[in-house]
1. Being of a type in the set (D, E, K, R) and under 23 Å from A:Glu55 (Cα atoms) is the filter here; which residues of segment B:34-63 pass it?
2. Hey, can you tell me all the residues within segment A:29-52 that are modelled with pLDDT of 95 or more and on the phi > 0 side of the Ramachandran plot?
3. Can you pull out the residues in segment A:46-97 that are surrounded by fewer than 20 Cβ atoms within 10 Å (Cβ to Cβ), under 24 Å from B:Lys114 (Cβ atoms) and in contact (Cβ under 8 Å) with a residue 60 or more places away in the chain?
4. Anything in segment A:74-129 that is outside any helix (DSSP H, G or I), of a type in the set (A, V, I, L, M) and within 22 Å of A:Glu30 (Cα to Cα)? List them, or say none.
5. State whether the residues of segment A:110-127 include one that is among the polar types (S, T, N, Q), under 30 Å from the mean Cα position of the chain (by Cα) and crowded, with 18+ Cβ neighbours inside 10 Å.
6. Looking at B:Thr152, is it modelled with pLDDT of 95 or more, away from every other protein chain (no Cβ under 14 Å), buried (at least 20 other Cβ atoms within 10 Å of the Cβ) and part of a helix (DSSP H, G or I)?
7. Which condition breaks for B:Ile106 when tested against (1) away from chain A (no Cβ under 14 Å); (2) more than 21 Å from B:Val26 (Cβ to Cβ)?
8. Pull up segment A:139-191, narrow it to residues that are within 14 Å of chain B (Cβ to nearest Cβ), assigned to a helix (DSSP H, G or I) and in contact with a strand residue (DSSP E or B) (Cβ under 9 Å, 6 or more places away or on another chain), then point me to the one that is nearest to A:Asn52 (Cα to Cα).
Amino acid sequence: MIKLRGISKRFTTKNDVEHALFGVDMDVEENTIHGVIGPSGAGKSTLIRIINQLEAHDEGTLDIMEYKDVRQANKESTRMLRTKIGMIFQSFNLLENKTVYRNVLFPITLFRTPTKNDRAYALELLQTVGLSDYMNRYPAELSGGQRQRVGIARSLINRPKILLCDEPTSALDQSSVKQILSLLKKIQQEQSLTIVFVSHDMHVIKELCDTVTILDKGEAVEKGTINDILLRPKSEATKLLTETVGYNIDKILTDYHIDHTLYLLRFNQKAKENPLISKLSETYHVHMNILYANVTPTHEGVLLIDILGENKDMVLKDLHEKGVEVTHVN
Amino acid sequence: MSIEVSLYTEALGETLYMTLAATFMVFILGLILGSVLYMTHENGLAPNRITYAILSTITTTFRSIPFLILLVLLIPFTRVLLQTILGPSAALPALTIGGTPFYARIVELALLEKGKYLKETGFAFGAKLHQVMTRILIPESLPALVRGITVTGVTIAGYTSIAGAIGAGGLGNLAYLYGYARNRQDVTIIATILMVLFILLMQYGGEKLTKKLSHK
């Protein structure tokens, strides 16, 4: 759906040249939510702006849907591409002098006089985001969460295939963040949208994304599914991020000063239904010390255990047979 | 009280004419100059360092010339343009040239402020450059533009009395001719009151309109 290869971007300031991105590769599959996360200054905003060419990259190629190497496209074709890519922003960027309804309809008016269908779709979107009662209000009369919901409705009016989200929850309070995330999830499923979501906050990324790219100082240092990133972070930058949501196994190991092998168990839906640990403990007369437990964003159970007793190997074999994925860690 | 009422009404009429006509011209020209300044600004829609530097220097230069001196400097220009340097209309070139740079800066700042976020929002939805200007930035800046032209109008009203002193007519001229040259304090006071009332009215109208246009 979206394919970036060797994307580089430099900004020239008065005195020197600053590198924003170094040869970034990224793939976003159709109908998934892809997170881009990294500390501020990592180049996240630049990266997402390159996707709809608000910034032109200096090197590399970018293919989006049927548009190949979009940097080479002429102005008109870039405009057409942009109508197929919705975008929402950290500061909402609504038109203050237009009503909520006119804001939602605005992108259409750049191309044509809204038709009956367009107007009906605007109303439908307002209903989807739960703001039907606010259609004649002005943005200043709304809360932050409500404004972002107007932003979401506006971004969908052109029926885009892709939605770009640039830190859309960073200016919101906790409860609004939750609402916006579940709204995005719902809309993504209903419309089979492909979402690229930029954030510096691992909590938000973990809640929402299927796959993740981690940016650090302009480089894509790691990419993978959200579970892999959380449980097996490789780079230092990723470890710092996963730590913020309590997933840094390495740090747990160091904290406990463990010098022998531990086992990281991952329970799928089926394995979760049985009281496995206590049963195994009873059957094989072993003690199991639980050092860490969590549930991944995809509802997989994660357990880091120490097994004390003679029958360790039989326990592991049994776990494996019951469909629990076991990883040895030390 | 030997001065006839008609002298006051005539002077007031001249002041109104000079102020409103010049403010109208300044609104048009300032909007154009301010928009071009914004467009070519480094954070504008079509940055152009050289054009911006030239326009910005000209704008600042004209803003820094005291109005009385500008009036005198423009005498040859006005003579060529209007074949006279006397009367309210003769003051218009100087009033317009004095007010335009002032308003242009207000326009530039208002557009920069709105453009910070809304520029890329427009482009993200596929707007063309001119649409970003005419459909987004100018409508969104309208309250600031109206507030700005009100302030400019008040300044121009002040300028008319300076112009009056060198023969443009209006309340300033009246106050000068009778109040100063013939030592008629009462005329000065009445002329002042009329001027203040006019400015208050203009300010009030501008604020009302700004409020109506703004949805903050």
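1. B:Glu42, B:Arg49
2. A:Asn31
3. A:Thr83, A:Gln90, A:Ser91, listed by residue number.
4. The answer is A:Ile85, A:Met87, A:Ile88.
5. no
6. Criteria met by B:Thr152.
7. The number of the failed condition is (2).
8. Among those that are within 14 Å of chain B (Cβ to nearest Cβ), assigned to a helix (DSSP H, G or I) and in contact with a strand residue (DSSP E or B) (Cβ under 9 Å, 6 or more places away or on another chain), it is A:Ser155.
The values are calculated or read from the model by the stated rules, or taken from the named source; none is laboratory data. Just so we're clear, the structure is a prediction, and the values are computed from it rather than from any experiment. Glycine gets a Cβ as well: all are built from the backbone with ideal geometry, and neighbour counts include every protein chain shown.
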